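FYI, it's all coordinate maths here, none of it is from the lab. Everything numeric in this text was worked out from a predicted model, so none of it was measured. Reconstructed Cβ throughout: ideal geometry from the backbone, glycine too, with neighbour counts over all protein chains shown.
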Amino acid sequence: MRQLIRNISIFDGTGAAPFAGAVLVEDDRIAAVLRDDAAIASATADTVIDGHGGTLMPGLVDAHTHLTWGSSVEKIYHQFILPPEELKVAAWRNARVLLDHGFTSAYSAGALGDGIETELARAIDAGQTPGPRLIPSTLERSPEGVEGVETGDVFNGRGPDAMRAFIAYCAAEGVRSVKLVISGEDALKPGSAQDIIYTDAEMQAAGEAARDAGLWIATHVYTPRAIAMALEAGARILYHCSFADAAAIDAMVANKDTIFYAPGPGVSVAALEASPPPHIDMSAMKASAAQRLELEARLVPELRRRGVRVLIGGDYGFPFNPNGRNARDLEHFVTHYGFTPAEALSSATMLGGQLMGQGDELGLVREGFIADLLLIDGDPTTDVTILQDAARIAMIMQGGRLHKAPASQPVTA
Ligand SMILES: [Zn+2]
């Protein structure tokens, strides 16, 4: 099955300026990126898609996803913890919502239910339900008595053995990334972002066990000490890092070829914008959000300038920050962190493919790469906010399969 997408401007994901051309897709891969008119005219395909001058770009990747945080642009839940049956329905819906909004891949930052994401990831891979390629996780782990989520011994017991048991359990479940909450969270408990809630021995045991089991580690970290513990444990991705000092920045830069960083501005901006009903107190969350954005306005540009891979993903899934609005992070990268639109888009595509562990086949419009492609009505390299409007995403292709076909029917050649 060969599909030719022509009459397009191509943003390839590297950050380079878009260029006119056509893309030939064969089965699930990009067979050719054609630039010259003669090659395009002579290309043969089973179907031809006229892009009507739109921009073809790689599918988006969200680096900090919570599919089990129930709220989406289609349905808001006012309680955070849902009954198990509803939680599963919400997670499966949220996977489809993310794909509907152009996110063809997602890296989980932890789940509220056990086993849901591994089952969902398998169903997506098998083509049984629509959703992003998913790196599944399980419950966000914090130690007993610290964050108040009581989930049983395997999940929050103390000591190195408890960490090894947790990693072994996750590996058996089919989890690919475990989420460890190393710092507290000011938005939930003011002042706690400065706390370190694991011991060195616990983190060391987790790091070794994860390495042996082939699992990645995602970490919730705010302070220099927490960042050092995450790096020591071999974490793949660090979230937040807002209170990083010069030494912590140096340490992240020293590890730039093996780590990823997602500051997560989405939840901060949404918290500041929210006007909750009187019985919901968001004052701590708003104060934390304002402080974080101020710190990150200096931190994030420095990390990026020094070569740390900075990705989008902003804790979507709260009622005030629902799943499906994930592309807002692109705008926040431009507004708050000084990225150009093309740089933000490259973070969400090329770097996203690298985070997924598929940097050689995912995240670029390039010959041989997996055909995860979006056709955009407009040029997102001049205005990233276009991507917040699902109606402007004219086509969503995942692995060569059209999740959303362009409104004008493909012409059979
Ligand atoms: Zn999160």
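Things to note:
- Sparsely packed loop sites in the range 220-307 (the GluC sites (Glu not before Pro) outside DSSP H, G, I, E and B with at most 15 other Cβ atoms within 10 Å) do not occur.
- R0 of 22 Å, Cβ-Cβ distance D36-D379: FRET efficiency to nearest 0.05: 0.50
- Paramagnetic label zone (point 7 Å from Cα along Cα-to-C-beta, A391; backbone N under 20 Å) in the range 38-62: 52-55
- Charging the Cβ of each Asp and Glu at -1 and of each Lys and Arg at +1, and nothing else, the dipole of the chain about its Cα centre rounds to 380 debye.
- Taken over the chain, the convex hull of the Cα atoms encloses 128 Å³ per residue.
- Here the gap between N7 and Q354, fully extended at 0.36 nm per residue and compared with their Cα-Cα distance, gives a gain of 122.0 nm.
- When Rg and the Kirkwood radius Rh are both evaluated on Cα atoms of the range 233-298, their ratio Rg/Rh stands at 1.09.
- A crude spin-label estimate for the pair E119 and V89, with each label 7 Å from Cα along the Cβ direction, gives 1.4 nm.
- Span from the the range 150-203 Cα centroid across to the the range 345-364 one, whole angstrom: 28 Å
- 23 Å Cα-Cα threshold exceeded, pairs from K88/K286; K75/K404; K189/K286; K189/K256: K88/K286; K189/K256
- Simple spin-label estimate for I280 and I76 in nanometres, 7 Å along Cα-Cβ: 0.6 nm
- Per residue, the convex hull spanned by the Cα atoms of the range 296-413 measures out at 131 cubic angstrom.
- Coil-residue trypsin sites (Lys or Arg not before Pro) of the range 210-272, DSSP, other Cβ within 10 Å capped at 15: K256
- Applying the criteria of a DSSP loop state and at most 13 other Cβ atoms within 10 Å to the GluC sites (Glu not before Pro) of the range 327-413 yields E367.
- Length-normalised contact order of the chain in % [C-alpha pairs under 8 Å, at least 6 apart]: 21 percent
- Extension gain, A405 to E294, is 35.8 nm, computed as 0.36 nm per intervening residue step minus the present C-alpha separation.
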